[in-house]
Amino acid sequence: MSGDGAVAEGIGARARRKEDARHLRGRGRFVGDIHMPGLREVAFLRSPMAHAKILSKTRSPDHALDIFFSEDLVGVAPIVTRSSIPGYKVSQYPVLATDKVRFVGEPVAMCVARNRAIAEDLIEQVEVGYDELPAIASCAGGRRENSELLHPEWGDNLFLETFFDSGVDQIIASAPISVELEMSCARQTMHPMEGKGVLAWWDDRADQLVVHTSTQVPHLIRAGLAECLGIAQAQIRVAPPDVGGGFGYKCLLQPEEVAVAWLAATFKKPFRWTEDRREHLVAGANARQHEYHIKAYADAQGRLLALDAEVSVDTGAYSVWPFTACLEAAQAGGNLPGPYHLAAYRCRTYSVATNKPPFAPYRGVARPGVCFAMEQVIDAIAQKVGREAWEVRRDNLVPASAMPYTNITNKHYDSGDYPEALVAAKNMIGLEAFRAGPRRDDKGRYLGIGFASFTEQSAHGTKVFASWGLPLVPGFDQAHVKLTPDGALEVAAGIHTIGQGLETTLAQIAHEQTRVPLKHIRVTLGDTAMTPFSTGAYASRGIVMSGGAVSRAAEVVAGRIKSIAAHLLQVEPAAVGFAEGRIFAANASVSYEDVGRAWYLRPDQLPETVNTAGLEATEGYKPDVDTGVFSYATHAVRLAVDAETGLVEILDYAIVEDCGRMVNPMIVEGQTYGGAAQGIGTALFEESPYDDNAQPLASTLLDYILPGPTELPSFRIDHRETLSPYSAHGIKGVGEGGAIAPPAAIVNAINDALSPLNAAVRQVPASPRRIRDAIRRARPSQAVAPEAGVAR
Amino acid sequence: MTQVSMTVNGGAVVADVEPRTLLADFLRGEMQLTGTHLGCEQGVCGACTVVLDGRIQRSCITFAADCDGADVTTIEGFDDDPTMEELREAFSEHHALQCGFCTPGMLTTARDIVLRLGDIDERALREELSGNLCRCTGYVGIVAAIKKVATGRSPTSRPRWHRSSSGSRAQGCRLRRLRRQVPPSRGRRLQPWQLQSVDPRAARQSRNGCR
Ligand code: FES
Ligand code: FES
């Protein structure tokens, strides 16, 4: 270890987290924990119907000041998300429903009282008359001729239809083999353990609306609230407290956020809404539901020649803000070719409006679905050509020698050795030994191994977001770094901490540049009044973008520290260096406090030529090539399937991942495990089912199964560290990757296990019922499963 | 309103509560002890776990009015508890928390496991923990941290008031839902190992009934 403690605390250190101390003593402060005199709690009356005209709304006259309808919200604009993509249809998402409701759970009225229980009682004082309309409960339903229209002015139920064709017809005609698969992922709910919450009050002294909201994107929320409420951005301060998990659910402007902010701005008093779990399950079921129909063409060895795909996304009733209703389909179409070399590709995507909650970008966005589909295609091809799936996978992966590599959808893979990670995962899971052993265990269960390889485009840059037509395009993230008079370092960044440990990792980066001891570095995040702009914590961008900004700002401050120190030590700036928490020139040294004191309190000690910007700097950052830096991984799973009950037990789970330079390997592992746990939820347990009337069928955590400690394996992980040539320190993002592969790897393993029965599951979650159904379907003809997809 | 007197974190409390007021809301609201978190208010997630008369209990499904004469300890009351100190240290070392929302409940359950059962194997540990949900960590760090504190420890001689935490009960119910998709035995009963592949306790609980 070097004497200056760089390894112990800087980039690469398994530094303990700064955020732990408060949480371990129950002193974290979440929206629901805030106490404020005069605080009033808000409850929403939500639509019980999926699709209906509102005929009447009534409240008793003495409740005019504690029950509110949309008509009362004077000056509030609906949430409207525009897109620059041609053909995209814009929805008007009302803060409270006006003349129509479009999903079960849509807010219709807002009730206010001194506590939540009384506010909920008030809901019973409201009467709403509905005239029920036929509900659109599926993509197929939404696309049917003459189907009921959610937004009649559109003329159909499509937010957007896209088409990409590199020219595939010739290749298809001559391809030696082909496979055809239909696959789908269930609708899901994201479930941060802390639900959404927002508390807003009016600060008379600052003449400002202050919003404490549980969000990943405080600076964006400020912009969104300003737009909906018609208040200048300078008059809004968004100051998020601790956030109990985000996963994408909290990167949106929610109607409830606007409504509560309106109350505070109107009545100049504090108001709060905290989402309960039932609200989350019903009104927040907004992710993952994709349908795939893919035909893939390959040579006799299984080398991919062309892909012809159709993707439908059950997009829900409205577009969320700011990510639009077509982000999911755009990402699906763009990411389907995955980490593979592919020469010909055709893809049509449909973003279908349905009577369900508006679709939102859940951890991994479209990629868990895309990976699930593509990896099954690879396995089906392998089965068709009679080779091991991992071999076919390896032969199709973009090799290290081709890096950097631009693929058919113009994704620019910056660095890495994808096949090596696959082979390493195969060895970790012990494929050869497994193949030499029995296909069934002593309990009669079928055994299988499955793989999934993927890339995780992280820190997508300006161009990428612009190509998705987003109304707000992220560019530079900024950070501010300052040495205090007593020699500590203050770091401020507009990104927010949601559990991903940025208070620690950003401090590690600042330490790397300044060598100020980690315990003397303090990180402030998110508060729009105290931090420079960041578009926020999403798309695995935090550590790359904000990390880059902190690195730059800290580098600037480090230079200024050195020049003042050099003057104090009477040497040239080039002669000073950081070591052991001090600033040295040969054997002489000064402390950070000496430097701080000189600038702030003893300017008589400063050099004539001192930089008058002082010991603080704000810098902006985005990578030189801003098409995103690509992390990648292979997941391998070994499991047992009980053919009688359909129950699956995961026996071993191995991950080989590469996210470039790891700032804190402990946190990388935590992100990966946590993501993989959610991916296993997608693969085996989690589902928000709807009936034909688009009524949600899961409204408690007894209906919706979140993976608990007994359902999850002890993950094993191995790292590679291929630096990105484009980002500061070679860092890549890692927030989402863990969640991408499990549905694919697990379904491939289940299908490997069931291959003696010729059965294949093509849906997640692969519930006991779906597995048994697949086996039953395969039984009549022991030859080829009718829906199994490889028949052709 | 009902008057209740209880001991909260060692201090005597007398308060008027509505019959419907839940212990969690009382602690978080009146007492301003906001370390007790509410993740589901459905008795499933365990974020609201507190110690009530020596046993862990979900405060979101416990009425405050039922706690007359009770001794309640919340996460804030464990500041000086030596076992909790070890757990806090181990949780930080093993990255057993990310957002921290589940953490107070996890720690409270973990302390109960460690004291009540001492050194147990990982499978048993996961089972005991199964009434607490964490959405961030995948339980890897949590299990490792508790294991570290439990290693070499023998169960305390405290009264053996229950075999399983209230938490595991809820998990049992959840999994029973999953299991409902298992077909009715066609001529033969499900074997215990078939259930064990998910959670052995669930088998017992579905026999005993959840409620
Ligand atoms: S909040 Fe009590 S169990 Fe979830
Ligand atoms: S740390 Fe976030 S829920 Fe457990």
- Going through the range B:30-57 in order, the residues found to be within 16 Å of ligand 2 (Cβ to nearest atom), over 19 Å from residue A:27 (Cα atoms) and either among the hydrophobic types (A, V, I, L, M, F, W, C) or outside any loop (DSSP other than H, G, I, E, B) (or both) are B:40, B:44, B:45
- Taking strands (runs of 3 or more DSSP E) that do not extend beyond the range A:39-139, which have at least 1 residues that are open to solvent by 10 Å² or more (accessible area, probe 1.4 Å) and away from chain B (no Cβ under 14 Å)? A:40-46, A:52-59, A:126-132
- Query: Regarding residue B:126, is this residue basic (Lys, Arg), at the interface with another protein chain (Cβ under 7 Å from one of its Cβ atoms), more than 14 Å from ligand 2 (Cβ to nearest atom) and not in a strand (DSSP E or B)?
  - Reply: yes
- Message: If the requirement is being assigned to a helix (DSSP H, G or I) and either within 21 Å of the chain's Cα centre (by Cα) or assigned by TED's automatic domain parsing to the domain that holds residue A:94 (or both), which of these qualifies: A:380, A:329?
- Response: A:329
- Message: Going residue by residue through the range A:682-693, is there one that turns out to be more than 16 Å from ligand 1 (Cβ to nearest atom), among the β-branched types (Val, Ile, Thr), crowded, with 24+ Cβ neighbours inside 10 Å and not in a loop (DSSP other than H, G, I, E, B)?
- Response: yes
- Message: For the range B:107-122, check the following and say yes or no: at least one residue is facing chain A (nearest Cβ under 9 Å) and open to solvent by less than 30 Å² (accessible area, probe 1.4 Å).
- Response: yes
- What are the residues in the range A:572-631 that are among the β-branched types (Val, Ile, Thr), open to solvent by less than 40 Å² (accessible area, probe 1.4 Å) and under 42 Å from the mean Cα position of the chain (by Cα), if any? A:583, A:595, A:627, A:629
- Message: Within the range A:441-448, does at least one residue satisfy the condition of being more than 28 Å from residue A:241 (Cβ to Cβ) and in contact with a Gly (Cβ under 9 Å, 6 or more places away or on another chain)?
- Response: yes
- Task: Exactly one condition in (1) on the phi < 0 side of the Ramachandran plot; (2) open to solvent by less than 40 Å² (accessible area, probe 1.4 Å) is not met by residue A:755; state its number.
- Result: (2)
- What do you reckon, is residue B:20 farther than 22 Å from residue A:196 by Cβ and in a helix (DSSP H, G or I)? no
- Note on the structure: Residue count, the range A:332-384, condition hydroxyl-bearing (Ser, Thr, Tyr) and open to solvent by 10 Å² or more (accessible area, probe 1.4 Å), comes to 1
- Kindly indicate which of B:103, B:108, B:74 is touching a His at 6+ places or on another chain (Cβ under 7 Å), at pLDDT 95 or above and within 16 Å of ligand 1 (Cβ to nearest atom). B:103
- Query: Which residues, taken from the range A:643-666, are within 12 Å of chain B (Cβ to nearest Cβ) and open to solvent by 10 Å² or more (accessible area, probe 1.4 Å)?
  - Reply: A:643, A:644, A:648, A:649, A:650, A:651, A:665, A:666
- Task: For residues that are of a type in the set (Gly, Ala, Ser) and under 17 Å from residue A:76 (Cβ atoms), scanning just the range A:255-283, find the one that is most open to solvent (accessible area, probe 1.4 Å).
- Result: A:265
- Query: Can residue A:22 be described as open to solvent by 20 Å² or more (accessible area, probe 1.4 Å), within 14 Å of chain B (Cβ to nearest Cβ), not aliphatic (A, V, I, L, M) and not in a loop (DSSP other than H, G, I, E, B)?
  - Reply: yes
- Query: Looking at the range B:29-61, which of its residues are closer than 20 Å to residue A:192 by Cα and away from ligand 1 (no atom under 11 Å from the Cβ)?
  - Reply: B:34, B:35
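The values are calculated or read from the model by the stated rules, or taken from the named source; none is laboratory data. As the structure is a computational prediction, the values presented were derived from the model and not from experiment. In this analysis, Cβ positions are derived from the backbone assuming ideal geometry, glycine residues included, and neighbour counts consider all displayed protein chains. All accessible areas refer to the heavy atoms of the entire protein, side chains included, with ligands and DNA or RNA removed. Shrake-Rupley method; radii C 1.70, N 1.55, O 1.52, S 1.80 Å.
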